[in-house]
Amino acid sequence: MSPNIIGLFNMTKKTDLRNFTQDELVDYVESLGQPAFRGRQIMGWLYRPDITDFSQMTDLAKVFRATLAEHAYISQLKNPLIQRSQDGCVKFGFALDDGNLIESVLIPEPDRNTLCISCQVGCAMGCEFCLTASMGFTRNLTPSEIVNQVCAVSDFLRNEPKEQLIGPDRVTNLVFMGMGEPLNNLENLVKSISILTEQRGLDLTNRRITVSTCGIAPKIRPLGEQTDVNLAISLHAVDNKTRSRIMPVNKRYPIEELLEACRDFPMPSRKRIMFEYILLQGINDSDNEAHELARILRGIPCKINLLPYNESPGIPFKSPSRNRVYAFQKIVRDAGYSVFIRSSRGSDISAACGQLAKDKKKEE
């Protein structure tokens, strides 16, 4: 048993079993004197709908259930604040045990439900165009706090009247594009992905999970070595001067280093990296910058998402005209790339890209 796992088994307070991958659950039950298969049994119960108590795990011995109740618990995110957009998006505000707040956004479509989830309380990256940056950074989320966002929204979908559903009655796709920088919480991110994709857990498929980073170059390859999820890069500029101005992370990991890390990302031939590019009027949306974007991405298996900026109060950037967006897209597309214009969803409830922001502490 590794020292890190032993440290999680603190018998002076109850242990949240939703923080554990299946292998860690096996280690945990063995620390309680139980055989390894009991850990796999528990994993099969933890993420079933409406399972909140060990007494419901009927294939475990009553004595063992009592032991679990004494030493452990099953965490949940309860009673979220819910806002509904006119376009069908739903924003969830979750209060954590320490009073901090995080947000998740459900983006429904007829054939899928994409959930945008958070990995930190706030964000330390300081991107000039992002409201979340105004919160500053408080702390990383635990694996259970990441996974429980999915559980809570899954419960919401199951309880929605069928006639009100736009998409399926379950979460089908995940994007780590909410609050925080996922690669700065890499250990807990990888654990949460293990739980999310475990057949006995939430049984999501890797190909429907995307992790977005603003450019923590040294952690890009480790993400690919430890998971098989999709990678998205928040690029947003084609030269270091502009990118450093709007994204301070570029001062530490400049474009050349970031793109080299992308070329080194372990990825099967069928996959491509998604480059996200927010178009800011007069900042990064010229024809020359479109040509340069096509040049610097040459040789990287990729596709490109163009995002006209979602304007927010207190932030001076503007969205370019629709014609400017189309002209930018045409230049990059003519260079041989798959280029998509992502339509803004949920902006009327501040749920669009870059608009997630809450007070650090729950209001009294």
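The values are calculated or read from the model by the stated rules, or taken from the named source; none is laboratory data. Predicted model only: the values in this text are computed from it and were never measured. In this analysis, Cβ positions are derived from the backbone assuming ideal geometry, glycine residues included, and neighbour counts consider all displayed protein chains.
If a residue has to be within 18 Å of Leu141 (Cα to Cα) and surrounded by 19 or more Cβ atoms within 10 Å (Cβ to Cβ) to count, how many in the range 80-95 make the cut? Number satisfying all stated conditions: 3.
Looking at the range 245-256, is at least one residue in the same structural domain as Ala124 (by TED's automatic domain parsing), acidic (Asp, Glu) and in contact (Cβ under 8 Å) with a residue 40 or more places away in the chain? Within the range 245-256, none of the residues are in the same structural domain as Ala124 (by TED's automatic domain parsing), acidic (Asp, Glu) and in contact (Cβ under 8 Å) with a residue 40 or more places away in the chain. The residue that is farthest from the chain's Cα centre (by Cα), counting only those in the range 57-107 that are under 30 Å from Phe37 (Cα atoms) and among the aromatic types (Phe, Trp, Tyr), is Phe64. Listed by first and then second residue, the pairs linking a residue in the range 171-199 that is over 16 Å from Arg18 (Cβ atoms) to a residue that is of a type in the set (D, E, K, R), with Cβ atoms under 6 Å apart and 6 or more places separating them unless they lie on different chains, are Thr172/Arg112; Asn173/Arg112; Asn173/Arg208; Leu183/Lys219; Leu186/Lys219.
Listed by first and then second residue, the pairs linking a residue in the range 270-283 that is closer than 22 Å to Arg322 by Cβ and in contact (Cβ under 8 Å) with a residue 24 or more places away in the chain to a residue that is of a type in the set (D, E, K, R) and not in a strand (DSSP E or B), with Cβ atoms under 8 Å apart and 6 or more places separating them unless they lie on different chains, are Leu279/Asp285; Leu279/Arg324; Leu280/Lys318; Gln281/Lys318; Gln281/Arg324; Gly282/Lys318. Which residue is surrounded by the most Cβ atoms within 10 Å (Cβ to Cβ), if the candidates are limited to the range 102-135 and must be in a strand (DSSP E or B) and hydroxyl-bearing (Ser, Thr, Tyr)? If we take residues in the range 102-135 being in a strand (DSSP E or B) and hydroxyl-bearing (Ser, Thr, Tyr), then Ser104 is surrounded by the most Cβ atoms within 10 Å (Cβ to Cβ). Scanning the range 45-64 for residues that are surrounded by 17 or more Cβ atoms within 10 Å (Cβ to Cβ) and either polar (S, T, N, Q) or in a helix (DSSP H, G or I) (or both) yields Trp45, Leu46, Phe54, Phe64. So Lys191 passes all but one of these: (1) touching a Pro at 6+ places or on another chain (Cβ under 8 Å); (2) outside any helix (DSSP H, G or I); (3) not aliphatic (A, V, I, L, M). Which condition number does it fail? Checking Lys191 against (1) touching a Pro at 6+ places or on another chain (Cβ under 8 Å); (2) outside any helix (DSSP H, G or I); (3) not aliphatic (A, V, I, L, M), the one that fails is (2).
Residues that are under 15 Å from Gln149 (Cβ atoms) and among the charged types (D, E, K, R) within the range 69-89 comprise just one, Lys78. Name every residue in the range 24-43 that is assigned to a helix (DSSP H, G or I) and surrounded by 17 or more Cβ atoms within 10 Å (Cβ to Cβ), in order of residue number. Residues satisfying the conditions are Glu24, Leu25, Val26, Asp27, Tyr28, Val29, Arg38, Gly39, Gln41, Ile42, Met43.
Residues of the range 143-178 that are among the aromatic types (Phe, Trp, Tyr) and more than 18 Å from Ser212 (Cα to Cα): Phe156 alone.
Residue count for the range 161-176 under the criterion of being buried (at least 24 other Cβ atoms within 10 Å of the Cβ) and under 22 Å from Val121 (Cα atoms): the result is 2.
Each row is one residue, and each column tells you yes or no for (1) modelled with pLDDT of 95 or more; (2) in contact with a strand residue (DSSP E or B) (Cβ under 8 Å, 6 or more places away or on another chain); (3) in the same structural domain as Gly122 (by TED's automatic domain parsing); (4) over 18 Å from Ser154 (Cβ atoms).
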residue	(1), (2), (3), (4)
Phe54	yes, yes, no, yes
Met57	yes, no, no, yes
Leu60	yes, no, no, yes
Arg65	yes, no, no, yes
Leu68	yes, no, no, yes
Gly88	no, yes, yes, no
Phe92	yes, yes, yes, no
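In the range 159-177, is there at least one residue being assigned to a helix (DSSP H, G or I), of a type in the set (Lys, Arg) and at pLDDT 95 or above? No, that holds for no residue. When each of Ala261, Ala327 is tested for being more than 23 Å from the chain's Cα centre (by Cα), modelled with pLDDT of 95 or more and either surrounded by 15 or more Cβ atoms within 10 Å (Cβ to Cβ) or not small (Gly, Ala, Ser) (or both), the lone residue that passes is Ala327.
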